[in-house]
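The structure under discussion appears below in the form of structure tokens.
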Amino acid sequence: MVLQSIKFDVEFGLLEILDQLLLPEKTQYIKIKGVEDGWSVINKMQVRGAPAIAIVGSLSLAVEIWKEEFQDKKTLLREIEGKLNYLISARPTAVNMKLAADELLELAIQLSRDETCSTRDMKKNFIDAITMMLDKDIADNKNIGKHGSDAILSNLQSQETTIKVLTHCNTGSLATAGYGTALGVVRRLHEMKRLDRVYLTETRPYNQGARLTAFEMVHDKVPATLICDSMVAYLFQKKHIQAVLVGADRVAMNGDTANKIGTYQIACLAALHDVPFYVCAPFTSIDSSKSSGDSIVIEERPEHEMTYIAGKRIAAPGISVWNPAFDVTPAKFIRGIITERGVFECSDLKNQLNL
Ligand SMILES: CSC[C@@H](O)[C@@H](O)C(=O)COP(=O)(O)O
């Protein structure tokens, strides 16, 4: 059975997401009736992961406008613009929702100007474009898996046939429309029978690794071992890790990459131990408006997400807390950016975007 984090059928007004705050103990879906619900489940991290944020946010708009009748295209365009701006505000670091909103707004403007297109047609064409995001994301992830596995296997010494990798956070079916980015490369290596083992960090404080990636790997019967975030250096010292695979929330034009907190320190350790460090991300995570990672906004999450686990306090009352949800890894630590179009050096990103 495929792990389904998003259930969608606009004809039936169906949009449900798997509540990731309850995993792995409980598998419970939440009904999304419109953008208010979409904003809430993204902001509370009941659904998370850069691509999934854009997809669920956009789908929440689709189910909302599907139910409504609009007197004219101008009214529909105004509704679309307002709701997209609202959805962008749910979480600030991942760029995917902003890029999706820009593209969808541009489409809506074109449809509103097309005199051959009725208000009903504009609504249908707009919703169809959102629906296509699901299949495109899965196709992109399969290509990331192929390009990434080819690149990593090409690094192997002749006598090495299988590979041990480390990943951080959750970049799989629970962070995308399916298959995953860094976990897509892991899945592809496993399908090719070239994966020895994937090591995964627990990824405090939200525990995307321990709760979500472990859940996906056990579900798919992928050889996987959970480690504490504090074990990465010792892992590199004692195990022959041949690649680090992480996702991205926002890749700047010089390759600097914002990703889950803890990514930067793994990159530093990978450099120290000469382990190739790869960022795996679709082009929908690349921000051409950012020349470097210096200006990427880093979300800071509530204190209780660090001081409590499963509702039990684990930190002394009164202690001050700093809880940045992401950090930025400088391009110099990144061997390559694995995308659906191929694997690129950081210095080549601008060319790939024709900038
Ligand atoms: C394919 S998901 C890529 C990134 O979004 C992922 O690595 C990550 O940082 C997720 O952070 P989260 O705070 O869980 O949304």
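The values are calculated or read from the model by the stated rules, or taken from the named source; none is laboratory data. In this text the structure is predicted, and so the values were computed from the model without any measurement. Positions of Cβ are generated from backbone atoms using ideal geometry, with glycine treated the same way; all protein chains shown enter the neighbour counts. Side chains included, ligands, DNA and RNA excluded: accessible areas come from the protein's heavy atoms. Shrake-Rupley method; radii C 1.70, N 1.55, O 1.52, S 1.80 Å.
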Across the range 1-36, which residue is surrounded by the most Cβ atoms within 10 Å (Cβ to Cβ) among those that are modelled with pLDDT under 95 and in a helix (DSSP H, G or I)? VAL10
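Can we say TRP39 is open to solvent by 50 Å² or more (accessible area, probe 1.4 Å) and within 16 Å of the ligand (Cβ to nearest atom)?
The answer is yes for TRP39.
Would you mind stating whether LYS146 is within 16 Å of the ligand (Cβ to nearest atom) and open to solvent by 50 Å² or more (accessible area, probe 1.4 Å)? Walk me through how you get there before you give the answer.
On the way: within 16 Å of the ligand (Cβ to nearest atom): no; open to solvent by 50 Å² or more (accessible area, probe 1.4 Å): yes.
So LYS146 fails the test.
Looking only at helices (runs of 4 or more DSSP H) that lie completely in the range 174-284, which have at least 1 residues being within 10 Å of the ligand (Cβ to nearest atom)? Let's see the steps before the verdict.
Details: elements: 182-191, 214-219, 232-238, 263-272.
Where helices (runs of 4 or more DSSP H) fall fully within the range 174-284 and carry at least 1 residues being within 10 Å of the ligand (Cβ to nearest atom), they are 182-191, 263-272.
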Selection from the range 42-59 of residues that are on the phi > 0 side of the Ramachandran plot and crowded, with 20+ Cβ neighbours inside 10 Å: GLY49
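ALA90: open to solvent by less than 30 Å² (accessible area, probe 1.4 Å) and either closer than 15 Å to GLY38 by Cβ or not assigned by TED's automatic domain parsing to the domain that holds ILE32 (or both), yes or no? Lay out the reasoning, then the answer.
Details: open to solvent by less than 30 Å² (accessible area, probe 1.4 Å): yes; either closer than 15 Å to GLY38 by Cβ or not assigned by TED's automatic domain parsing to the domain that holds ILE32 (or both): yes.
Against the criterion (open to solvent by less than 30 Å² (accessible area, probe 1.4 Å) and either closer than 15 Å to GLY38 by Cβ or not assigned by TED's automatic domain parsing to the domain that holds ILE32 (or both)), ALA90 qualifies.
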Any hit, the range 261-277, residues being touching a residue at least 40 places away in the same chain (Cβ under 8 Å), closer than 23 Å to LEU355 by Cα and hydroxyl-bearing (Ser, Thr, Tyr): no
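So that you can scan it fast, the table gives a plain yes or no per residue for (1) of a type in the set (A, V, I, L, M, F, W, C); (2) under 23 Å from THR171 (Cβ atoms); (3) modelled with pLDDT under 95; (4) surrounded by 15 or more Cβ atoms within 10 Å (Cβ to Cβ):
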| site | (1), (2), (3), (4) |
| --- | --- |
| PHE283 | yes, yes, no, yes |
| HIS304 | no, no, no, no |
| ILE309 | yes, yes, yes, no |
| ASN323 | no, yes, no, yes |
| ARG335 | no, yes, no, yes |
By residue number, the members of the range 76-108 that are basic (Lys, Arg) and either part of a helix (DSSP H, G or I) or without any contact (Cβ under 8 Å) to a residue 40 or more places away in the chain (or both) are ARG78, LYS83, LYS98
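Quick check on my filter: what residues within the range 87-105 are closer than 15 Å to LYS136 by Cβ and under 13 Å from the mean Cα position of the chain (by Cα)?
Initial filter on the range 87-105 (closer than 15 Å to LYS136 by Cβ): 96, 99-100, 103-104.
Correct list: ASN96 only.
Scan the range 76-92 and tell me whether some residue there is within 16 Å of the ligand (Cβ to nearest atom) and more than 30 Å from THR27 (Cα to Cα). Full working, then the answer.
So the first thing to find is which residues in the range 76-92 are within 16 Å of the ligand (Cβ to nearest atom), and the list is 87-92.
Okay, now just the ones that are also more than 30 Å from THR27 (Cα to Cα), so none.
No; the residues of the range 76-92 include none that is within 16 Å of the ligand (Cβ to nearest atom) and more than 30 Å from THR27 (Cα to Cα).
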LEU272 surrounded by fewer than 19 Cβ atoms within 10 Å (Cβ to Cβ) and at pLDDT 95 or above: yes
Can you name the strands (runs of 3 or more DSSP E) wholly within the range 291-344 that have at least 1 residues being closer than 28 Å to ASN141 by Cβ and within 16 Å of the ligand (Cβ to nearest atom)? 326-329, 336-339
Flagged in the range 151-168 as open to solvent by 10 Å² or more (accessible area, probe 1.4 Å) and touching a residue at least 24 places away in the same chain (Cβ under 8 Å), in numbering order, are ALA151, LEU153, ASN155, LEU156, GLU160, THR161, THR162, LYS164
Any chance you could count how many residues in the range 126-164 are more than 14 Å from GLN242 (Cβ to Cβ) and in contact with a Cys (Cβ under 7 Å, 6 or more places away or on another chain)? 1
